[in-house]
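Engineer: Next up is a structure, given as structure tokens.
The values are calculated or read from the model by the stated rules, or taken from the named source; none is laboratory data. Keep in mind that this is a model prediction, so the values were computed, not measured. Note that each Cβ is placed from the backbone with ideal geometry, even for glycine, and that neighbours are counted across all protein chains shown. For the accessible areas, the whole protein counts, side chains as well, though only heavy atoms, and no ligand, DNA or RNA atoms are used. Shrake-Rupley method; radii C 1.70, N 1.55, O 1.52, S 1.80 Å.
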Amino acid sequence: DMIFEKHPEWVPGSVDRARLKRKTFERADAIICVSNHTRDDLIEVYPDLQSKVITIQHGADHTPAPAHLEVDLPKPYLLYVGLRRGYKNFDLMLKALGRSKLLRETFQLVCFGGGPLTAEEHRLSREVGFPPERIHCFSGSDSLLAYFYKHAAAFVFPSLYEGFGMPLTEAMVQGCPIACSDTSCFPEICGDAAVYFDGRNVDHMSDVVESLVSQPRQQMRVALANRSQHFSWQRCASETASVYRSIV
């Protein structure tokens, strides 16, 4: 992605990293971007490189989640996946969950990856009314993560910027309803298979997530299944191989 160049305030050392990227770009015969949004960002920052740039979106693993695993699911639950610092926007999501009586009293929150809650996250969760006792941190295999997607009431993705957003396609494949920020590449990836909120607006995020979990889980099943078919590793590999052949 182009976070070092577009949002250096979010990542320490961005200036030096961006300088190294620029040198790499200059040596490259082709530059593959994983989304049109990333491509547009790259061309905006480095317009002289436009002729080298092509978009090839990631694929998705369509393996069904296991039918059963020996794991204690704290149902009903919302699912968050990945790191939680900075632009991942986890703190604002906690505030959004705490704002809603339905969300804070009915749902648990499962965080997959990212490690245990920090002392600051413990403090914030109590402050906003979504106590740490309702937050459960897990890590593990891809099959375990797929199982969590399969059984979640919704997957919430509040990040403000990503190059692609792999958890979005992972959720789609398992038929998990998605609520995500309306920025970055997310509308490009999800299309009509997600509901969107302003990632900087606590009230809007809270209202959108509450509305999503108030609907039957299967309501978005067709849109999720249809959209997930767009993401194939076979297509991704074939298009990538074509780029290599074109520069030989």
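Engineer: Restricted to the range 191-213, and to residues that are assigned to a loop (DSSP other than H, G, I, E, B) and either open to solvent by less than 70 Å² (accessible area, probe 1.4 Å) or modelled with pLDDT under 95 (or both), which residue is farthest from L94 (Cα to Cα)? Walk me through how you get there before you give the answer.
Structural biologist: Step one: of the range 191-213, the residues assigned to a loop (DSSP other than H, G, I, E, B) are 191-194, 198-201.
Add one more test, that the residue is either open to solvent by less than 70 Å² (accessible area, probe 1.4 Å) or modelled with pLDDT under 95 (or both), and what stays is 191, 193-194, 198-199, 201.
On the way: G191: 25, A193: 23, A194: 20, D198: 15, G199: 12, N201: 12 Å.
Residue satisfying both the conditions and the ranking: G191.
Engineer: Just one of E127, E121 is out of contact with any Ser or Thr (no Cβ under 9 Å at 6 or more places or on another chain), modelled with pLDDT of 95 or more and within 28 Å of M2 (Cα to Cα); which is it? Let's see the steps before the verdict.
Structural biologist: Numbers: E127 fails: within 28 Å of M2 (Cα to Cα).
After ruling out the rest, the residue left standing is E121.
Engineer: Right, next: Looking at the range 168-183, which of the residues that are open to solvent by 20 Å² or more (accessible area, probe 1.4 Å) and polar (S, T, N, Q) is nearest to the chain's Cα centre (by Cα)?
Structural biologist: My answer is T183.
Engineer: If you check L73 against the conditions, is it more than 30 Å from Y244 (Cα to Cα), surrounded by fewer than 18 Cβ atoms within 10 Å (Cβ to Cβ), hydrophobic (A, V, I, L, M, F, W, C) and modelled with pLDDT under 95?
Structural biologist: Details: more than 30 Å from Y244 (Cα to Cα): yes; surrounded by fewer than 18 Cβ atoms within 10 Å (Cβ to Cβ): yes; hydrophobic (A, V, I, L, M, F, W, C): yes; modelled with pLDDT under 95: yes.
So L73 fits the description; yes.
Engineer: Within the range 224-236, work out how many residues are out of contact with any helix residue (DSSP H, G or I) (no Cβ under 7 Å at 6 or more places or on another chain) and either within 20 Å of T183 (Cα to Cα) or open to solvent by 60 Å² or more (accessible area, probe 1.4 Å) (or both). Spell out how you get there, then give the answer.
Structural biologist: Kept after step one, since they are out of contact with any helix residue (DSSP H, G or I) (no Cβ under 7 Å at 6 or more places or on another chain), are these residues of the range 224-236: 225-226, 229-230, 232-236.
Of the ones still in play, those that are also either within 20 Å of T183 (Cα to Cα) or open to solvent by 60 Å² or more (accessible area, probe 1.4 Å) (or both) are 226, 229-230, 233-234.
Adding up the residues that qualify gives 5.
Engineer: Given the conditions (1) open to solvent by less than 20 Å² (accessible area, probe 1.4 Å); (2) of a type in the set (S, T, N, Q); (3) in contact (Cβ under 8 Å) with a residue 40 or more places away in the chain, report the number of the one that S14 does not fulfil.
Structural biologist: So the condition that S14 fails would be (3).
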